[in-house]
1. What is the dipole size for segment 50-115, taken about its Cα centre, with +1 at each Lys and Arg Cβ and -1 at each Asp and Glu Cβ, in debye to the nearest 20?
2. What's the magnitude of the charge dipole for segment 353-494 around its Cα centre, counting Lys and Arg as +1 and Asp and Glu as -1 at the beta-carbon? Answer in Debye, nearest 20.
3. With a ≥ b ≥ c the root eigenvalues of the C-alpha gyration tensor of segment 358-502, is it rounded (a/c under 1.5), prolate (a/b larger than b/c) or oblate?
4. Mind checking which lysines have their C-alpha under 30 Å from Lys142, skipping anything on the same chain fewer than 8 residues away?
5. Count the net charge of all other residues whose Cβ sits under 13 Å from the Cβ of Ser180, scoring Lys and Arg as +1 and Asp and Glu as -1.
6. Putting +1 on Lys and Arg Cβ atoms and -1 on Asp and Glu Cβ atoms, find which of Ser431, Ala444, Ala72 reaches farthest to the positive end of the dipole of the chain.
7. Can you list the lysines whose alpha carbon is less than 30 Å from that of Lys316, not counting same-chain residues fewer than 8 positions off?
8. Just to be sure I understand the curve: with the Debye formula and one point per C-alpha of segment 240-358, what is log10 I(q)/I(0) at q = 0.09, 0.17 Å⁻¹?
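Just so it is clear, none of the values below were taken in a lab; they were calculated from the coordinates. What you see is a predicted model; the values in this text were computed from it and never measured. Here the Cβ is made from the backbone with ideal geometry for all residues, glycine too, and neighbour counts use every protein chain on show.
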Amino acid sequence: MKDASLVLSIDIGSTAVKVIAMTKEGEIAASESGHYPTSSPHPGWVEQSPESWWEAASTAIKGCLEKVGPAAIGAVSFSGHMSAPVLLDADGRPVMPSILIADSRSCEETALLRARYKGAFLQLTGNEPIDAFTVSKLLWIKRKHPEVLERACTLLFPKDYIRYKLTGRLGTDQTDAGNSLLYDHSKGEWAMDLIQELGLPVHLFPQIHASSDIVGYATEDASAATGLMEGTPIIAGAADMACSQLGTGAVRTGTLAITLSTSAQVVMRVDSMSSSSAGKVTYHPSAIPGTLYAMGSVFTGGLGIDWAYRLLTGKKKLAAEDYAAINGLCEGMRDIPPGSANVMFLPFLVGSGTPHFDAYDRATWIGLSTGQSPELLMHSVMEGITFNIRESMEVFEADGHVIDQVHLGGGGSRNAVWRNMIGDVLGKNLSLLNNRDASAIGAAMLAGIGIGMCTMEDIMTQKLVSFSDSMTYSADRHRSYDSIYARYHKAYRALNEWYRQE
């Protein structure tokens, strides 16, 4: 690998894989994508086949390597969507589909955990049990399909499965282990006492590596399937939001990173877990050894924009021209004042995340009337999502975090109206990330660290993250939004009570 000048990053996203080849300066030399289906066989179920990830990833790796050549790749690393268990049998085959983070089938298990073990989880992880974490999903499998759990020999996560296919070696890293809620943050190891107390098989829980460790090398079979050179170093990698923390530059105290994807994530580095924000944000081990990040979850991010556009146009699925049409709608919003002419949208299409985490919450439009334009209605949807983002920011501020930088990324950050609105609602100047594939970039950084192509200092100083010009918020619009935001809170309280009534 002496002639290698690039690292390869494989990001197993919630709907697609993204493969990038990155230089040591942080430039993208080549990229390739591939998609895979999501299944919802019952209401509230969201699952995928791990084999479909591998099929898409191997094809995308091959396509990327055709552009740069396999000899240029010094190492491979990974990012993958969080909390989705991959159970393998003795032959390394998945025993069932992977249950994704958005799946809510395990609500009974979550209720039991909150009733009996809430204190234990708070002490170990700083988090209250919610459906999103892996432990609830494992207990659902134990209750509903004990024969599946008996066949399983190991537990992995999405990025770990692809790494296993490349190396033949099992294991995970501290970031995905943390997202199981069965990881002791203080000791850096599985919480075996709690695992045994819950009746889960101890042998399922694999070795935990540091995210930038070399954990294996590309096998002959992997080389044939992907075009990678046999013997290419393979790095452990990290969960998608842990990689995103690196790729968005949210690695220093005081930096808040907002990622606008299907959902929206609000991430900060934190020094410790705060009991006052437990249950409002979630705490996670970082890919930076010995540190933590906290995350606010906005379940309706770009999902809300797509939903509103489909509702307003009658479209069932969106194509490339529809995203151009959404941008056209936004051009017509520039003269709409804060408050969308008294139309307000509460953005809880799939229940609420931070700070409420309430499955009873529902999306609501207030103030509908005849003669309202699609532009006005879409503007109100963007405002509602942005108010929910502000709620996440305010949890961090209430814990004493002084936010002096806000970095904005993800596909939604391409929308000039929305990003200006975010600055105005938050009352913060924004730095727009040039590369919006933050998770893939973060995974590539870990590969660089693993083989000495870059250092942790390069990451901590944001050397590998680039920005466009800073966007300055409007003080006048921020003052207007302050009063509208107060009304948003009043509407939320009233409607939450309404939706809780039988």
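1. On the way: 5 positive and 8 negative charges, 50 e Å.
The dipole magnitude comes to about 240 debye.
2. Using only the charged Cβ atoms, the result is roughly 340 debye.
3. Because a/c hits 1.5 or more and a/b exceeds b/c, segment 358-502 counts as prolate.
4. Cα-Cα hits under 30 Å: Lys118, Lys159, Lys165, Lys187, Lys280.
5. Numbers: positive: Lys137; negative: Asp160, Asp173, Asp176, Asp184, Glu189.
Net charge around Ser180: -4.
6. Ser431
7. In chain and number order, the partners are Lys18.
8. -0.34, -0.96
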